[in-house]
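Data block below; observations after.
The values are calculated or read from the model by the stated rules, or taken from the named source; none is laboratory data. This structure is a prediction, so every number in the text was calculated from the model and none was measured. Cβ atoms come from the backbone with ideal geometry, glycine included; neighbour counts cover every protein chain shown.
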Amino acid sequence: MINLKEKVAVVTGASSGLGADAAKSYAQAGANVAILARRKEKLDKLAEELSAFGVEVLAVSCDVTCEEQVKSAIEQIASKFGRIDILLNNAGVAVRGGVHQLSCEDWDKSFDTNVKGIFLMSKYVVPHMIKQNYGKIVNVSSINSLVADKSETFIRHGYNSSKAAVLGLTLGMACSYGKYNITVNTICPGLFESEMTENSLFKSTEFLDFYNAACPMSRPGRKGEVSGTVLYLSSDLSSYVTGQHIVIDGGMTLI
């Protein structure tokens, strides 16, 4: 078991899906956890579950695209816990459409959440990590930063572009902050059921049949199958791993 006792982990997009799963994994590993999302009622429910593991939990309503809200959230977290050891930048959106279909608002929405959100969270967390000469940052990208969907039904050029930008941001941060004992890595999940996918991709028999036929493991990812990699990158087991992207997709990008 990975031991994160006395560490403080911050998770964005924590109200559901991969973010909620990761927050539970952090708590099970002994970390105190700050959970951020826009929907406070869902955060409060999750906070009760996490507290059952005997750790301290702080639920903060925060839109990661708003600098003032991010700044306030990090101030609250630092005030309560005195330090921030781990940052999981998980908040994300997926807007359908090709460049000939997307509005500027749709394009901006993808980049504001998927890239600017990471920038703003990191902007206010990194100084704390520099001060303590320690930090673990995990950014969530997607296999769609590496491959695209051929089907017109699932074309998402804004999503592809913004998730690819996460890889570039990770490289820059890893190079700049390694001297402060801060590692910065990216995970690229394949298809997992979440609020983002359950009412779209998981409702399409056509898409699931295609995915299962193409994926070497013949299935989408299951609940909790991202958390092991997240814990590894958030622990001292990965102390010499930085600037990397790890694909969690059952081999989908091998095809």
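Does the range 126-169 hold any residues that are part of a helix (DSSP H, G or I) and surrounded by fewer than 16 Cβ atoms within 10 Å (Cβ to Cβ), and which are they? Hits for the range 126-169 are P127, I130, K131, Q132, E152, T153, G168. As a summary of the residue check, S122 satisfies the conditions (1) polar (S, T, N, Q); (2) under 24 Å from S227 (Cα atoms); (3) surrounded by fewer than 20 Cβ atoms within 10 Å (Cβ to Cβ) except for the one numbered (3). In this structure, does A91 turn out to be of a type in the set (G, A, S), in contact with a helix residue (DSSP H, G or I) (Cβ under 7 Å, 6 or more places away or on another chain) and crowded, with 16+ Cβ neighbours inside 10 Å? The answer is yes for A91.
On inspection, N181 fails the criterion of being touching a Lys or Arg at 6+ places or on another chain (Cβ under 6 Å) and of a type outside the set (A, V, I, L, M, F, W, C).
The residue that is surrounded by the most Cβ atoms within 10 Å (Cβ to Cβ), counting only those in the range 58-85 that are within 27 Å of F192 (Cβ to Cβ) and touching a Phe, Trp or Tyr at 6+ places or on another chain (Cβ under 7 Å), is V70.
Do the conditions hold for V11, that is, is it in contact with a Leu (Cβ under 6 Å, 6 or more places away or on another chain), at pLDDT 95 or above and closer than 17 Å to G224 by Cβ? So V11 fits the description; yes. Going by what's in this entry, would S15 be described as of a type outside the set (K, R) and assigned to a helix (DSSP H, G or I)? Considered against the rule, which asks whether it is of a type outside the set (K, R) and assigned to a helix (DSSP H, G or I), S15 comes out as no. Of the numbered conditions (1) within 29 Å of Y232 (Cβ to Cβ); (2) free of Cβ contacts under 8 Å to residues at least 24 places away in the same chain, S72 fails exactly one; give the number of that condition. Just one mismatch for S72, condition (1).
In summary, G190 fulfils each of the numbered conditions (1) at pLDDT 95 or above; (2) in contact with a helix residue (DSSP H, G or I) (Cβ under 7 Å, 6 or more places away or on another chain) with the single exception of condition (1).
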